[in-house]
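In what follows, a single structure is set out as structure tokens and then discussed.
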Amino acid sequence: MLRIPRSLLLAATAALSLPACIRAPEAESDQPKADPRAPKDAAELLSRYAEAMGGEALLRSQPQRTVEARVVFKAHDDCQAGDPGCIAEERVGQFVLYATADGRLYRRMLVGDRVDERGFDGETGWNLIDGQHLEIESPESSLASREDALLHWYFDIESREITPELIEGARAKGHDGSERVMDGLRWQAAHGLLPERSLWFDRETGLLREEVEHISDDHLVVIIYDGYREVDGALVAHDIRQLEIHGESQKEIDILVQSVHHKDLREGLFDIPELPPLEPEADPYLGALADAKAAADASPKELSAQMDWARVAFAVAHFDEAETAAKRALKIDAREPEAMWIAARVALLRGDLKDASRMLDKARKYGLRPTEWARHTAWIASHQRKWETTAELLREAGYGDLAGPYDAVVGDPLKASFAGRSCSTELSMARSKLVGAPVVEATVDGKTVRLMLDTGTRDLILAEPVAREVLITRESDSPIGATGGPPLPHGVVETLQLGELSLSNVTAAIVPAQALEASAGGVDGVLGVRPLLDFQLVLDAEAETLTLVDGGRRCAKERKKAQRGSSMPMYVHETHFVYMLAGINGAEGLFLLNTG
């Protein structure tokens with residue numbers, strides 16, 4: 001016999017991203033008339049099956065089996081032009097399966113240039129994708145792999161805690177529309193970790209006809225066995241179809257067996273593969289940086305060499321090098337506007353607003369585009385809380401849609417103060433159940449709210465019901481971020497209280513409550529970074545506290561006292577994003593610090 005584990009076929013389906021677009025046949029038919037040969041229980045049905053296959057003695061004498069087959073992924077007849085998920089033309093692959101009576105398995109699937117391997121060594125299941133990515137199954141998943149691996153899965157079921165149940169009433173029609181009487185049983189395990197599966201046997205022949213996995217009420221995976229032929233005395237199915245039926249749609253894979261034998265298998269076939277140690281790939285950008293620096297060092301008086309180094313260094317976030325190269329270029333040509341622009345960008349990222357403004361003004365004088373000067377100068381003004389200037393410069397730079405929130409607070413700059421002229425406040429901090437982000441309690445114009453701290457968000461964001469309750473008026477419609485997006489209502493919160501810290505005139509975006517619930521869950525709003533840029537934030541996950549420390553000179557000692565562990569530079573983007581240059585397993589990258 002041959003029983004192709006349905007998980008092997010599902011894996012191939014997933015690899016090709018087959019969509020469902022064929023209409024399904026009827027899943028069930030009316031029950032047939034009673035037949036005196038109907039089995040009385042599951043044991044009789046399985047016994048009848050084993051006898052039909054060749055008898056228990058013969059089957060137990062075959063401890064292993066090799067199957068080679070052709071796999072056909074059927075084309076869909078309604079593919080739309082440009083749809084990468086729909087298979088317009090039939091695809092063909094090769095499939096080999098080795099299975100043993102003691103429950104070991106290896107299969108190899110080749111479709112196009114993709115090779116996938118799967119195995120079970122008797123204890124653990126594994127998957128090897130394209131010879132490079134090895135996945136080791138969990139103990140729970142390996143239980144299902146053990147069942148798939150067993151060549152004679154219908155024997156010794158008590159030792160595996162399998163308790164099949166005879167399904168009351170037979171079926172008269174298969175999922176492929178064929179008319180035949182079939183008796184079924186539910187294939188269950190006491191541990192409850194196997195898929196919900198039913199097996200249907202042809203009453204006339206006793207052979208397995210269908211294996212059905214019930215994923216949900218309207219989602220079935222059906223494997224249909226046909227074309228049984230004798231191999232070494234045992235019957236083996238040579239024509240196998242998989243139908244995945246989901247609602248009104250269906251997709252199909254055909255397995256056409258080409259060769260079956262019971263020869264000995266080589267040692268180590270089922271073992272978990274040992275991949276060679278991974279060698280890191282060279283970073284082409286860092287290679288380009290090293291080459292540019294070497295060229296600049298070799299030609300210290302050549303302007304183009306220094307500028308090439310400055311450009312590459314800035315592009316890969318090596319800002320110290322970018323600044324050094326820009327200064328070298330300015331020593332060669334004090335009127336080089338791009339060198340000034342790079343130096344200004346580095347200063348702005350570090351928070352040195354005075355130097356950034358000076359360099360931008362100088363670069364404009366020597367040729368920097370006015371719109372580029374206006375864009376970066378606008379962000380400097382926003383950090384300085386010069387709202388009117390920010391709005392004017394954004395319009396001058398061509399970003400009029402971003403000016404609205406700044407128009408709303410003209411004449412009322414954001415202000416902050418601690419009770420009793422203290423330097424800090426400590427808040428209890430929870431975690432969002434949906435995304436795991438920090439959540440703190442605050443008051444918005446006197447109303448207690450729960451806010452998620454999100455360093456990837458610019459402004460304060462409030463749910464519409466909260467905004468209505470505290471009478472926040474709609475001052476403008478603007479995108480929520482600097483990169484655009486749908487315009488949202490913006491208003492102004494008169495007072496945002498965070499423990500002993502009071503913030504006034506805080507810009508707030510207003511969003512539908514359901515949108516906030518879907519993205520954050522269980523909070524009334526989101527606390528972005530712009531109201532907090534002048535404070536030191538200390539997040540203590542163990543103590544579940546958030547401490548805010550004044551960033552002014554008066555509180556320098558308290559900020560130093562609050563620092564813990566090592567430090568590293570952080571860079572604040574022109575709008576609000578916070579970045580840091582770091583490495584993972586030796587691979588360098590510029591990472592966004594995003595608590596949300």
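Brief remarks on what is shown
- For the chain, the longest principal axis of the Cα atoms and the long axis of helix 284-298 meet at an angle of about 40 degrees.
- Percent of beta bridges antiparallel (DSSP, the chain, rounded to nearest 5): 95 percent
- Taking every C-alpha pair closer than 8 Å and separated by at least 6 residues, the mean separation divided by the residue count of the chain gives a relative contact order of 9 percent.
- Surface analysis of the chain yields an accessible area of 50 Å² per residue, using protein heavy atoms and a 1.4 Å probe.
- Note on the stretch 65-213: with neighbouring protein chains present and a 1.4 Å probe, carbon and sulfur make up 43 percent of its accessible heavy-atom surface.
- Simple label model, 7 Å out from Cα along Cβ direction - R554 to D217, nm: 6.5 nm
- Restraint check, K331/K560; K362/K560; K331/K354; K331/K557; K354/K560, Cα-Cα greater than 30 Å: K331/K560; K362/K560; K331/K557
- Here the Debye sum runs over all C-alpha atoms of the stretch 283-390 as equal scatterers in vacuum, and log10 of I(q)/I(0) at q = 0.20 Å⁻¹ comes out as -0.96.
- Amide H to amide H, with H built 1.01 Å from N, M429 comes under 5 Å of T545, L546, counting only residues 5 or more places away or on other chains.
- Derived scalar couplings between HN and Hα for the stretch 498-506 equal 10, x, 8, 9, 10, 10, 10, 6, 9 Hz in order, rounded to whole Hz, by the Karplus curve 6.51 cos²θ - 1.76 cosθ + 1.60 (θ = phi - 60°), x for Gly and Pro.
- Rounded to the nearest Hz, the phi-derived 3J(HN,Hα) couplings of the stretch 128-144 under the Karplus curve 6.51 cos²θ - 1.76 cosθ + 1.60 (θ = phi - 60°) are 10, 9, 6, x, 10, 10, 9, 10, 9, 6, 6, x, 5, 5, 5, 4, 5, where x marks glycine and proline.
- Which of K386, K560, K331, K362 is most accessible, then next, and so on - probe 1.4 Å: K331, K560, K386, K362
- Sulfur and carbon atoms: percent of accessible area, the stretch 281-411 [1.4 Å]: 51 percent
- Distribution of pairwise C-alpha distances over the stretch 100-143, 10 Å bins, in %: 27, 50, 21, 1
- By the helix-only formula, in which each DSSP H run with n ≥ 4 contributes -39500 (n - 2.57) and the sum is divided by residues, the chain has a 222 nm mean residue ellipticity of -8000 deg cm²/dmol.
- Cα gyration tensor shape for the stretch 401-443, rounded if a/c is under 1.5, else prolate or oblate: oblate
- Area of E248 that stays accessible when all protein chains are in place (1.4 Å probe, Å², to 10): 120 Å²
- Accessible-area order (highest first, 1.4 angstrom probe) of the listed residues H376, H214: H214, H376
- Helix 42-53 axis, angle to the chain major axis (alpha carbon atoms, nearest 10°): 70 degrees
- Fraction of antiparallel bridges per DSSP, the stretch 400-536 only, in percent to nearest 5: 80 percent
- Of all aspartates and glutamates in the structure, the ones whose alpha carbon falls short of 12 Å from that of K433, not counting any fewer than 8 places away in one chain, are E517.
- For the stretch 362-497, the square roots of the Cα gyration tensor eigenvalues, ordered a ≥ b ≥ c, give a/c of at least 1.5 with a/b greater than b/c, which places it in the prolate category.
- Euclidean distance of C-alpha centroids, the stretch 518-596 and the stretch 211-256, integer Å: 55 Å
- For K251, a cut-off of 28 angstrom between C-alpha atoms picks up these lysines, skipping any fewer than 8 places away in its own chain: K74, K173.
- A straight line joining the Cα centroids of the stretch 419-439 and the stretch 135-155 runs 48 Å.
- Taking the C-alpha atoms of the chain, convex hull volume expressed per residue in Å³: 231 Å³
- Solvent-accessible area of the stretch 431-538 (1.4 angstrom probe, protein heavy atoms only): carbon and sulfur portion equals 50 percent.
- Scanning residues 5 or more positions from Q64 or on other chains, those with amide H under 5 Å from its amide H are A101, with H placed 1.01 Å from N in the peptide plane.
The values are calculated or read from the model by the stated rules, or taken from the named source; none is laboratory data. It should be emphasised that the depicted structure is a prediction, and the values quoted were computed from it without experimental measurement. Cβ: placed from backbone, ideal geometry, glycine included. Neighbour counts: every protein chain shown. Accessible surface areas use protein heavy atoms only, side chains included; no ligands, DNA or RNA. Shrake-Rupley method; radii C 1.70, N 1.55, O 1.52, S 1.80 Å.
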